[in-house]
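The values are calculated or read from the model by the stated rules, or taken from the named source; none is laboratory data. No experiment lies behind these values; they were computed from the predicted model shown. Because the Cβ atoms are built from the backbone with ideal geometry, glycine has one as well, and the counts that use them run over all protein chains shown.
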Amino acid sequence: MIVAERKPIDEIKGFLTKHDRILLLGCGTCVTVCNAGGEREVGMLGSILRLAGVCKVVEHTIERQCDAEFYEDVYDLANECDAILSMGCGVGVQLAARLFPDKPVYPALNTKFMGINEGAGEWTEACLACGDCKLGIFGGVCPVAQCSKSLANGPCGGSEDGMCEADPNCTECGWQRIYDRLKALDQLEVLEAVEPPRDWSRTHDGGPRRITRPDLGAEE
Amino acid sequence: MSSDTLKSGTNLERVLAAGHFAVTGELGPPKSADISVIDKKAEYLRGMVDAVNLTDNQTAIVRLSSIATGRLLIERGLEPVIQMTCRDRNRLAQQADILGAYALGIRNILCLTGDHQCFGNHPTAKHVFDIDSVQLIRAVYDMREKGVFMCGDEIRNTKKSEIVNPRMFIGGAANPFGDPFELRVIRLAKKVNAGVDFVQTQCIYDMDRFTEWMRQVRNRGLHEKVKILAGLTPLKSLGMAKYMATSVAGVNVPDSYLERMEGAEDAAAEGIKICIEQIEQLRAMEGIAGIHLMAIEWESRVPQIVEGAGLLPRPVMQRSEGES
């Protein structure tokens, strides 16, 4: 899922200095699950802003901010407000900005990554959406996302005791994990082959990506 | 040896091809365009080593470029090995710089991953890693052997022009001290498959682990396919020894060396003595083609180490007629 965390309160207040009444818009999907921008967090942030006397706050949470079909109730509420503070991920903020062209839309969250819930209050990045998945080669551990240098041909010299040189206290070496996994599967020979350079045009380097599915009704 | 059988014709390649025990040095370019320090360091290394590595923004700190420093060394009569990391440039910039280096007379290149930018003075920088060091080795190899860029285009100005292959002697790094240990030899084998001519290892203090790594290297016959230069960094002081032991990823300094550095009246002299002992151990090891002496900010002591190890004078390689 998409994992986000709330921006520092002063940064949020900084957006709102010129506004009297804002719509604080939560999202019921990923950011609800990661406790960053769901109904509960909307209530908490709304209270903070009201108590601090920043502005009047109208609270509302929709099922998914990344999909226009869930905005039906939002239009009337937005009409009463002079700005929207979105607690959705960066996708939600951008769709809200597109749907309300005459209103400033501000992000209340920093969208961090697509990741795994490791347990209460902990998430780790797992996928960079590179658009050219190689997990089948690397034992289900992604070198693009899990190696700090996205190396395709094995660990750099900075892997020590299973940890990454860039953050030896907290970050595991992705290549140690690939090695452990392939060794357990008795597939270490996979690592003998030189992995060719990646085609980065399939990732964001090719520009914002688009998927069109005519079978679902999209125009080609 | 005639130029026909040489890949690049560099002094380093000739020394290794002739079976001499090679010595390479290292020169860290300055942190400004004041090049007087290059003059000074170059004089310490002159006649002491067969070629000199020029680091490429090492530890992710901005410095005078390795290629520019390499050209300055050529003008001073020393042979450069330019280091090139994958951290700061994408494949377009890397290939452009290889052509540029070649046009400036540079013929040795060391292909590296690059330290993470979090270690340096621009920790908020975006790193590149478009390709990795193995892919860079393959790219330089294909430029030399096939006369093509990574995209497959031939390296020539027009369809009617001659293909001008940049004939580089290709180096890589090997770190026998990083983890996972078993992958270290696999990674060397990959670099050999990609076309590397020589490797320089991470600095060695843990000779037991290095010996075990070399045993695995020989078991796979890799020492017969690539020239292995054993990396050495003399210990200047007890403080440096402790720092290397605790703070540098993939470097393990045995307690025996720490005790010797601590007990010595003259720690610097003890560090040099240890280094010379290591050179003797390495010369006796099958498959070691030379040493790579990384006297970090201590280039002034290189003559003492090389002489103490009996590695002087350095061989003077004859060039055949008509060679540049």
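Data table
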quantity: Filter result (within 14 Å of another protein chain (Cβ to nearest Cβ) and farther than 14 Å from B:Leu99 by Cα) within the stretch B:137-149; calculated: B:Ile137, B:Arg138
quantity: Residue check, A:Lys112 away from chain B (no Cβ under 11 Å), assigned to a strand (DSSP E or B), of a type outside the set (S, T, N, Q) and in contact with a strand residue (DSSP E or B) (Cβ under 8 Å, 6 or more places away or on another chain); calculated: yes
quantity: Residues satisfying the stated conditions in the stretch B:85-117, i.e. touching a residue at least 12 places away in the same chain (Cβ under 8 Å) and more than 14 Å from chain A (Cβ to nearest Cβ); calculated: B:Asp97, B:Ile98, B:Leu99, B:Gly100, B:Ala101, B:Tyr102, B:Leu104, B:Gly105, B:Ile106, B:Arg107, B:Asn108, B:Ile109
quantity: Residue within the stretch A:25-44 that is surrounded by 22 or more Cβ atoms within 10 Å (Cβ to Cβ) and more than 19 Å from the chain's Cα centre (by Cα) present; calculated: no
quantity: Some residue of the stretch A:206-214 being within 10 Å of another protein chain (Cβ to nearest Cβ) and surrounded by 11 or more Cβ atoms within 10 Å (Cβ to Cβ); calculated: no
quantity: Of residues in the stretch A:154-205 being facing another protein chain (nearest Cβ under 7 Å) and among the small types (Gly, Ala, Ser), the one farthest from B:Ala245 (Cα to Cα); calculated: A:Gly154
quantity: Selection status of B:Arg314, more than 20 Å from B:Val81 (Cβ to Cβ), away from every other protein chain (no Cβ under 14 Å) and modelled with pLDDT of 95 or more; calculated: no
quantity: Members of the stretch A:37-67 that are closer than 16 Å to A:Gly14 by Cβ and out of contact with any strand residue (DSSP E or B) (no Cβ under 7 Å at 6 or more places or on another chain); calculated: A:Ile48, A:Ala52, A:Gly53, A:Val54
quantity: Where a residue in the stretch A:103-124 is at positive phi and its partner, wherever it lies, is among the polar types (S, T, N, Q) and assigned to a loop (DSSP other than H, G, I, E, B), with Cβ under 8 Å and at least six apart; calculated: A:Gly121/A:Asn35
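Residues are listed down the side, and each one gets a yes or a no for (1) of a type in the set (Val, Ile, Thr); (2) under 23 Å from B:Lys126 (Cα atoms); (3) part of a strand (DSSP E or B); (4) within 14 Å of chain B (Cβ to nearest Cβ):
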{"position": "A:Leu77", "(1), (2), (3), (4)": "no, no, no, no"}
{"position": "A:Leu85", "(1), (2), (3), (4)": "no, no, yes, no"}
{"position": "A:Gly92", "(1), (2), (3), (4)": "no, no, no, no"}
{"position": "A:Tyr106", "(1), (2), (3), (4)": "no, no, yes, no"}
{"position": "A:Phe138", "(1), (2), (3), (4)": "no, no, no, yes"}
{"position": "A:Val144", "(1), (2), (3), (4)": "yes, yes, no, yes"}
